[in-house]
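Peer 1: Quick one: the structure is below, and I'll ask about it shortly.
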Amino acid sequence: MKKVFEKINLGGIEINNRIVRSATAELMGDSNGYMTDRLLNMYSELCDGNIGLLITGLTEVVEGTATHTLMKIHDDSYIEGLKKLTDLVHSNGNKIVVQLVHHGSQISGRPRYEPYSPSGIEEEGSRVKSREITKEEIKKLVEDFGDGALRAKKAGFDGVQIHGAHGYFFSRFLTPYYNRRNDEYGGSIENRARIILEAYENIRKKCGEDFPIFIKINACDFLDEGGLTFEDSKKAIKMFSEAGFNAIEVSGGIKIGKHTAVRPAIRAREDEAYHREYANEIAKEISTPVIVVGGFRNLDVVKEVIENTHVDAVALCRPFIIEPKLVTRWLEGDTQKSKCISCNKCFNPRGTICIFNKK
Ligand SMILES: Cc1cc2nc3c(=O)[nH]c(=O)nc-3n(C[C@H](O)[C@H](O)[C@H](O)COP(=O)(O)O)c2cc1C
């Protein structure tokens, strides 16, 4: 039987246990997204926490497409600062994967580029207008992902994760409501997943056969109509698995859906592990390792999923914002649940923090 606290090889990365820190936007870079002491200090605390694998917050691969203090990797000048981060993590015996993102039109604040999206559908809420991305721009963007991943490799990351979830650019391609294209990038799920596969191939070509490439993807968008369905998500994931992706992180939800990825008020055990069934069904059908994220608060629940499902690892985000050393506490025998009350006040444009920590 699988155990939470055992060494495993997760998609080519040797890790000490099956607990992952899911990508968490830090918003702690300087005004151009370069490395800061604040960012390094935050990771230093996580490093002391016995987390099997760290995944960084979303990191921009195309200049001007993300809030300025988010981490960036769109040119070589970022490598030096990112290397400080990977050195810190490795010197503490941890492993780290960088999450690569293109925001598309899901941006906060005033866009610093002319936003494009699969089909130019206006954003609800922010009302950001975008235009349809051209095929030439798709080619360029695919190269940008490859180049970003190569910089990540040079900076010492153990792998990369493509952000294909939560309504960001790639996720929008998978969602019929946002992707109304009539070319080879729209229509069937094979077409809607094409851009992600092209980005994958470009990364593989530039970073080599052994470089771990993960993806985070929605099992379902939770829209009444026009969302990515579980059936289509499974088809896409099978394609990703066959193409050679090294691990799949299963999440769910977009802003306009019935559920978002970051569900509030996880109080009862029944509220936890809210993507468990989707991830298990996916893991049953593919040989690629599957990570599940969403609402884990109790060690018992983490154990239950690892021991009783086909899922390989469990990822947590908010519990590590309030308590970076949660896993250490659990390992030392204090198995009280996470102190996180899922109030979602950790979303803070001045840097992701827990308001109960006052740091
Ligand atoms: C403050 C904050 C920042 C987040 N940033 C990212 C991100 O950069 N990339 C991503 O894929 N998910 C991001 N998420 C979503 C989490 O990775 C995770 O999928 C979600 O919070 C559910 O897990 P949890 O219940 O353990 O928090 C973020 C969530 C929060 C609360």
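Peer 1: Search the range 114-147 for residues being in contact (Cβ under 8 Å) with a residue 60 or more places away in the chain and of a type in the set (S, T, N, Q), and hand back the single one that is farthest from GLY159 (Cα to Cα).
Peer 2: The extreme case among them is SER119.
Peer 1: Contact list please: Cβ distance under 6 Å, first residue in the range 308-331 and part of a helix (DSSP H, G or I), second residue among the charged types (D, E, K, R), pairs at least six apart or on different chains.
Peer 2: Pairs found: PHE320/ARG21; ILE322/LYS339.
Every residue, every condition in (1) aromatic (Phe, Trp, Tyr); (2) near the ligand (Cβ under 9 Å from one of its atoms); (3) within 22 Å of ASP232 (Cα to Cα), yes or no:
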site	(1), (2), (3)
GLY257	no, no, yes
PRO264	no, no, no
GLU272	no, yes, no
ALA283	no, no, yes
ASP300	no, no, no
GLU304	no, no, no
ILE321	no, yes, no
PRO324	no, no, no
GLY333	no, no, no
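Peer 1: Looking only at the range 97-110, which residues are touching a residue at least 24 places away in the same chain (Cβ under 8 Å) and either assigned to a loop (DSSP other than H, G, I, E, B) or surrounded by fewer than 19 Cβ atoms within 10 Å (Cβ to Cβ) (or both)?
Peer 2: Of everything in the range 97-110, those that are touching a residue at least 24 places away in the same chain (Cβ under 8 Å) and either assigned to a loop (DSSP other than H, G, I, E, B) or surrounded by fewer than 19 Cβ atoms within 10 Å (Cβ to Cβ) (or both) turn out to be HIS102, HIS103, GLY104, SER105, GLN106, ILE107, SER108, GLY109.
Peer 1: For the range 65-89, what are the residues that are surrounded by 15 or more Cβ atoms within 10 Å (Cβ to Cβ) and not in a helix (DSSP H, G or I)?
Peer 2: Of the range 65-89, the ones surrounded by 15 or more Cβ atoms within 10 Å (Cβ to Cβ) are 65-74, 78-79, 81-86, 88-89.
THR65, ALA66, THR67, HIS68, THR69, LEU70, MET71, LYS72, ILE73, HIS74 - these are the residues of the range 65-89 that are surrounded by 15 or more Cβ atoms within 10 Å (Cβ to Cβ) and not in a helix (DSSP H, G or I).
Peer 1: Still on this structure: Restricting to the range 18-41, what's the tally of residues that are under 16 Å from PHE320 (Cβ atoms) and within 16 Å of the ligand (Cβ to nearest atom)?
Peer 2: Summing the residues that are under 16 Å from PHE320 (Cβ atoms) and within 16 Å of the ligand (Cβ to nearest atom) in the range 18-41 gives 12.
Peer 1: Another question about this same structure. Select from the range 178-237 the residues that are assigned to a loop (DSSP other than H, G, I, E, B), of a type outside the set (Phe, Trp, Tyr) and in contact with a strand residue (DSSP E or B) (Cβ under 7 Å, 6 or more places away or on another chain) and list them in ascending order.
Peer 2: Answer for the range 178-237, where residues must be assigned to a loop (DSSP other than H, G, I, E, B), of a type outside the set (Phe, Trp, Tyr) and in contact with a strand residue (DSSP E or B) (Cβ under 7 Å, 6 or more places away or on another chain): PRO212, ALA219, LEU228.
Values quoted throughout were computed directly from the atomic coordinates according to the rules given, and no laboratory measurement underlies them. Here the structure is a predicted model, which is why all the values come from computation and not from measurement. Methodologically, a virtual Cβ is constructed for each residue, glycine included, from the backbone with ideal geometry; neighbour enumeration extends over all protein chains shown.
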